[in-house]
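Report on the structure given below.
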Amino acid sequence: MGTFAADIAELKSLGGVLHGLADEAGRLSVGPSAGAPPATGGTFVPMAPGPLLGNLPFAPANTVLTSFLEASAISHELVEGVLVPSLQERLGETGDIMINVAEKFRSRDEQSAAELATAYTDATGAWVAQEPTA
């Protein structure tokens, strides 16, 4: 097996790996569905004494801050509602592309490497790293 054929086999294999990662990504969860404390309840949770609680060693569980609940809801909506499905879809699509390109080029020779790269890049689109904004 030549290097090109080995690369094609690896590309196909990695496509399957991406499908596995897409499945894993689909199971990611945050916020309330990941076990955030309930908004109400009759049990006590230990809290460290501090400026917000004075010298009280415990606070009722139903005193969860509204800001925490809102942050959890936002986190849940953005991460589980948008980011996770997008990640799952992109990984799955890229896995499909890898497998399809490998199938298309499996019987080609080394001279087809540039054509393979072009086909792959055209199918996946431009992946441009963006600079973080402050």
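Extension gain, R27 to R108: 0.36 nm times the residue separation minus the Cα-Cα distance gives 25.4 nm.
Rounded to the nearest 0.05, what FRET efficiency do A6 and T121 give with R0 = 25 Å and r taken as the Cβ-Cβ distance? Could you check? The value I calculate is 0.75.
Summarised in one figure, the compactness ratio Rg/Rh of the range 68-134, Cα atoms and Kirkwood Rh, is 1.22.
Taking a sphere under 14 Å around the Cβ of G15 and counting the other residues whose Cβ falls inside, with K and R at +1 and D and E at -1, yields a net charge of -2.
Computed from the coordinates by the stated procedures, all read-outs in this text should not be read as laboratory data. All values reported here derive from a predicted model rather than from experimental measurement. So basically every Cβ, Gly included, is an ideal-geometry build from the backbone, and we count neighbours across all protein chains shown.
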